Amino acid sequence: MYMERLRILFKAYLDNSLSEAEYAEFCQLLGQEDRMQMLSQELQELWDTHPEYRLPVHEWDKKFKALKEERLPKAKRTFIWRYVAAAAVVLLVAGSTYLFLYEKPAIKALRQTPILRNDIAAGTNGAILSFANGKTIVLDTARNGQLMEGVVKNGSDIAVKATAVEYATLTTPRAKQQQLILDDGTKVWLNAASSIRFPSAFTGPKRVVEITGEAYFEVAKNPAQPFVVKTGESEVEVLGTHFNVMAYANEHSIQTTLLEGSVTFSQGNQTVVLKPGQQSRLSKDGQIKVVEDADVELATAWKNGQQLFRQADIATIMRQVERWYNVDVQYQTALPANTTFSGDLPRNVNLSELLKVFEREHLHFSIDVHTRKVTVTE
């Protein structure tokens, strides 16, 4: 009875035909945390059996988000949205899997969830800070406070101040990420399996750092001393701006995505100037392409604690899985052709929580926690 009434009201909500009284009833029925799993199943059934409700992705997103903004007082909106957001709906559209995974109260508990048998936890903060003089600090286990002269740890941030000009390298292994504050105040977020080499003080005409992997920068403004990020043969030069550089060796291109300000990207005799919202892509053959309307949210999702996919194939996703969960992926089946996945879920979920969303495409995964291997089968 409950679910039948909820189904009727949900259809009316999608049709924009709820009366004020029905809307209040709908919200009341949704405010039942112990019924969220049933609701999720009902929404999936509605999608499977009623083609007229197969709305475009952005329309479904808009419909759900509207529930926290419409005719309820603010306190009530927050209460209801906690439960509406708990529904996870997987939509199969034109050969692509669109995944809506909104945060629910149970997601917060995942941070404290113990690693289950045959499961692997997500990555955490941590890195190794090494200096040219041979000194090394493992930041994962280091206490807060001054770790050595010029190096201070404050929660997830590491600040390096000059005592003498020397070079240091911050390295994140797989399943680790780290935040860094340079001597000039520039903030750096370093993704898993990455590194940044930097001086403890910037004394020359330019502030130069070198990275591998992926990093997000919020550069302190200093017009007299441009900031340069080197990635192998290419470099990004800025005065003060926010941008993301992805330069993993096993990806198809080096990508620089600009959020704020202006940057110059150079490779050999090629140079492009990026504006906010643009992205440069340096391919393996050395050609630079500029994407005018880049997906900034996608490029910076890792830094914001999300795992975000937009029409990504399984091989691309599994490369990210290898880096963030410190696993090796092997395939015992051909990957589904022309199938892509789009979705959004927290970056701190256990590996099994991520993998289960792909099993709708007839892929299956086994996890060996001892060898840290993931096997993909049919």
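The values are calculated or read from the model by the stated rules, or taken from the named source; none is laboratory data. This is a predicted model, so every value here is computed, not measured. Because the Cβ atoms are built from the backbone with ideal geometry, glycine has one as well, and the counts that use them run over all protein chains shown.
Worth a mention:
- Residue under evaluation residue 328, criteria (1) closer than 19 Å to residue 194 by Cβ; (2) surrounded by 17 or more Cβ atoms within 10 Å (Cβ to Cβ), criterion not met: (2)
- Residue list for segment 196-218, restricted to those being touching a residue at least 40 places away in the same chain (Cβ under 8 Å), buried (at least 21 other Cβ atoms within 10 Å of the Cβ) and at negative phi: 214, 216
- Pair list, Cβ under 6 Å, 6 or more apart: segment 350-376 residue of a type in the set (Asp, Glu), other residue part of a loop (DSSP other than H, G, I, E, B): 361/336; 361/339
- For segment 164-172, the condition holds for at least one residue, the condition being that it is modelled with pLDDT under 90, among the charged types (D, E, K, R) and in contact with a Ser or Thr (Cβ under 7 Å, 6 or more places away or on another chain).
- Flag if residue 252 is in contact (Cβ under 8 Å) with a residue 24 or more places away in the chain and surrounded by fewer than 16 Cβ atoms within 10 Å (Cβ to Cβ): yes
- Strands (runs of 3 or more DSSP E) fully within segment 177-244 counting 2 or more residues that are aliphatic (A, V, I, L, M): 187-190, 207-218, 227-231, 234-238
- Residue count for segment 182-218, restricted to those that are more than 20 Å from residue 153 (Cα to Cα) and among the aliphatic types (A, V, I, L, M): 4
- Here the condition is being in contact (Cβ under 8 Å) with a residue 24 or more places away in the chain, at negative phi and either surrounded by fewer than 18 Cβ atoms within 10 Å (Cβ to Cβ) or not charged (D, E, K, R) (or both); of 334, 301, 315, it holds for 301 alone.
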